Amino acid sequence: MLDLSGGDQSYIEDCPVCYRPIEFELRTDGTVWELDVRGEND
């Protein structure tokens with residue numbers, strides 16, 4: 001789970017279907033946030 005109050009952060013979780021890692025990267029300035037999601041080959 002990503003905590004929007006915690007500033008920039010990244011998190012890796014295995015896909016529940018294919019079990020490959022997925023990286024979630026959250027960037028925020030305190031008002032606006034952006035979430036990038038990438039698979040291992042992206």
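General remarks:
- Residue count for the range 13-35, restricted to those that are of a type in the set (Val, Ile, Thr) and exposed (fewer than 11 other Cβ atoms within 10 Å of the Cβ): 3
- Here GLY7 meets the list (1) surrounded by 11 or more Cβ atoms within 10 Å (Cβ to Cβ); (2) touching a Lys or Arg at 6+ places or on another chain (Cβ under 8 Å) almost entirely, failing just condition (2).
The numbers here are math on the coordinates, done by the rules we state, and not lab data. Because the structure is a prediction, the values reported are computed rather than measured. Cβ sites come from the backbone with ideal geometry, for glycine too, and all protein chains shown count toward neighbours.
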